[in-house]
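Read through the structure below, which is laid out as structure tokens, and then see the notes.
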Amino acid sequence: MKYLKVIAFTHKQIELKELGKLVLCQEDLTGKLQQVKEQFDIPELFYLSTCNRVEFVMATSQPVDRDFAQRFLQSLSMGLCPYYMNTFIDAASIYEDQEALTHLLRTSCSLESLVVGEKEILAQLRKAYENCRENGLTGDYLRMVMNCVVKTAKEVYTHTNISRNPISVVSLAYRKLKELKQCSNSRVLIIGAGETNRNISKYLQKHKYSNFAVFNRTLANAQSMATDLNGEAYDLDALKTYSKGFDVIITCTSATQPIITAEIYKSLLNGETERKTIVDLAVPNDTAPEVLEQFPVNFIEVSTLNEIAKKNLQERYQELVHAERIINQNIDEFLPLLKQRRIEVAMRQVPETIKQIKHKALNTVFADEVQAMDEQSRQVLEKVIAYMEKKYISVPMVMAKEIMINNN
């Protein structure tokens with residue numbers, strides 16, 4: 001496990017509003033990751049960003065410390081000033097070896113989440129990995145690690161009550177919205193057609209909300225979501241001219257700058273003056289601070305859910321103990337598998353090497369002697385060498401496995 005390294009920035013050390021400064025734009029994400037992968041000679045790398053964490057998972061033999069983390073962040077050109085750079089580096093959690101694996105397993109099982117028991121993190125982790133895998137950023141090592149991560153999380157969610165009646169960030173946000181007693185015919189503007197907004201829209205549909213307008217940077221995605229909601233679809237620029245009014249805005253995009261500015265919010269009001277509701281689950285927030293300063297707003301954001309999350313953690317303590325037991329068991333099972341896989345990869349060169357030795361022996365070293373043989377003798381020699389070649393290929397693998405098993 002000495003090659004597994006994780007640089008993590010999470011809600012535990014960093015305010016959620018500040019954490020958004022570390023989020024990479026999706027448009028140039030792959031390019032930036034490929035750039036730092038080559039620059040720092042990292043064999044495998046993937047990037048995870050959720051509402052309460054930003055993490056870089058890598059397979060590399062080089063030391064990963066705070067100095068490395070700082071140079072790594074600087075190379076990503078995030079535009080961080082020296083103050084924020086130093087703040088983030090001081091707050092970074094750096095894991096390696098088995099500690100890194102333990103961290104990833106705990107993360108996938110939601111033990112490291114703002115709300116313990118929310119299953120969304122596993123899907124987010126898998127999607128982040130798959131995106132990087134499809135773009136050639138990962139290889140065999142992280143494939144095995146992710147297999148272990150997914151297997152462990154599924155066992156925890158299946159064999160514990162940690163996610164029974166789950167209280168995810170989305171469900172907590174809906175509960176807050178429900179407390180405000182919005183009518184089912186309330187006009188709901190949904191900004192962003194990603195997974196988070198799709199999930200909260202399912203809650204709204206379930207409770208008979210029916211008046212939706214969906215805005216998204218890619219109109220096709222807005223249309224797909226609007227079709228599911230029997231609503232209207234618009235591209236993001238249409239926010240500036242939308243004039244049908246609203247009661248609730250639900251927003252969650254990957255934008256790095258506020259989408260709902262004071263000017264756009266005033267335009268959306270279309271002359272209405274009563275208090276409206278904004279559910280902003282984006283990190284960083286999609287809502288500009290000026291909106292909250294200038295207008296009466298019921299504002300629901302991720303950070304306001306902290307208190308409920310802490311209570312949730314206390315209630316599920318016994319399930320945490322059970323989950324930890326499953327995690328430790330999976331680590332114990334995985335380490336020998338990883339060693340075996342590394343041996344298999346190393347042994348891939350054995351067959352070809354033996355074939356090269358055979359070819360050299362017959363055609364160079366003993367070429368004259370072989371040519372002097374009669375046809376029958378040459379055939380017997382070929383059979384003997386072929387038999388020995390086959391056996392020699394299998395012997396190193398068998399011996400290596402026996403050594404590994406005995407050592408364990």
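The values are calculated or read from the model by the stated rules, or taken from the named source; none is laboratory data. All values reported here derive from a predicted model rather than from experimental measurement. All Cβ positions, glycine included, derive from the backbone under ideal geometry; neighbour counts span all protein chains shown.
Results for (1) among the acidic types (Asp, Glu); (2) under 24 Å from CYS51 (Cα atoms); (3) more than 27 Å from the chain's Cα centre (by Cα); (4) in the same structural domain as THR196 (by TED's automatic domain parsing), shown as yes or no for each residue.
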residue	(1), (2), (3), (4)
ALA226	no, yes, no, yes
TYR234	no, no, yes, yes
LYS240	no, no, yes, yes
GLY245	no, no, yes, yes
THR251	no, yes, no, yes
GLU272	yes, no, yes, yes
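How many of the residues in the range 16-65 are of a type in the set (Asp, Glu) and either surrounded by 17 or more Cβ atoms within 10 Å (Cβ to Cβ) or touching a His at 6+ places or on another chain (Cβ under 8 Å) (or both)? Show your work before the answer.
Let us first name the residues in the range 16-65 that are of a type in the set (Asp, Glu), namely 18, 27-28, 38, 41, 44, 55, 65.
If we keep only those that are either surrounded by 17 or more Cβ atoms within 10 Å (Cβ to Cβ) or touching a His at 6+ places or on another chain (Cβ under 8 Å) (or both) as well, we get 44, 55.
Residues meeting the conditions: 2.
Assess whether LEU80 counts as being in contact with a helix residue (DSSP H, G or I) (Cβ under 7 Å, 6 or more places away or on another chain), in contact (Cβ under 8 Å) with a residue 12 or more places away in the chain, surrounded by 17 or more Cβ atoms within 10 Å (Cβ to Cβ) and under 30 Å from ASP280 (Cα atoms).
So LEU80 passes the test.
Is it the case that LEU381 is modelled with pLDDT under 85, assigned to a helix (DSSP H, G or I) and hydrophobic (A, V, I, L, M, F, W, C)?
Working: modelled with pLDDT under 85: no; assigned to a helix (DSSP H, G or I): yes; hydrophobic (A, V, I, L, M, F, W, C): yes.
In short, no.
Could you say which residue among VAL169, VAL116, VAL156 is among the hydrophobic types (A, V, I, L, M, F, W, C), in contact with an Asp or Glu (Cβ under 7 Å, 6 or more places away or on another chain) and buried (at least 20 other Cβ atoms within 10 Å of the Cβ)?
VAL169
State all residues of the range 83-120 that are of a type in the set (Val, Ile, Thr), more than 12 Å from ILE327 (Cα to Cα) and either at pLDDT 90 or above or in a helix (DSSP H, G or I) (or both); if no residue qualifies, say none.
Passing the criteria: THR87, ILE89, ILE94.
Restricting to the range 41-81, count the residues that are touching a Leu at 6+ places or on another chain (Cβ under 8 Å), within 19 Å of GLU15 (Cα to Cα), not in a strand (DSSP E or B) and not polar (S, T, N, Q).
4
So LYS360 fits all but one of (1) in the same structural domain as LYS154 (by TED's automatic domain parsing); (2) modelled with pLDDT of 85 or more; (3) not small (Gly, Ala, Ser); what number is the exception?
LYS360 satisfies every listed condition except (1).
I'd like the residue in the range 384-407 that is of a type in the set (Gly, Ala, Ser) and at pLDDT 65 or above and, out of all such residues, is farthest from the chain's Cα centre (by Cα).
In this case the residue turns out to be ALA386.
Looking at ARG106, ARG143, which one is without any contact (Cβ under 8 Å) to a residue 24 or more places away in the chain and farther than 24 Å from LYS21 by Cα?
Values: ARG106 fails: without any contact (Cβ under 8 Å) to a residue 24 or more places away in the chain.
The unique qualifying residue is ARG143.
For ILE327, work out the one condition from (1) within 36 Å of the chain's Cα centre (by Cα); (2) in the same structural domain as PHE246 (by TED's automatic domain parsing); (3) at pLDDT 90 or above it doesn't fulfil.
Only one criterion in (1) within 36 Å of the chain's Cα centre (by Cα); (2) in the same structural domain as PHE246 (by TED's automatic domain parsing); (3) at pLDDT 90 or above is unmet by ILE327, namely (2).
Could you grab me the full set of residues in the range 9-28 that are touching a residue at least 40 places away in the same chain (Cβ under 8 Å), part of a helix (DSSP H, G or I) and more than 11 Å from VAL283 (Cβ to Cβ)?
GLN26
So, VAL321, is that one at pLDDT 75 or above and either surrounded by 15 or more Cβ atoms within 10 Å (Cβ to Cβ) or charged (D, E, K, R) (or both) or not?
no
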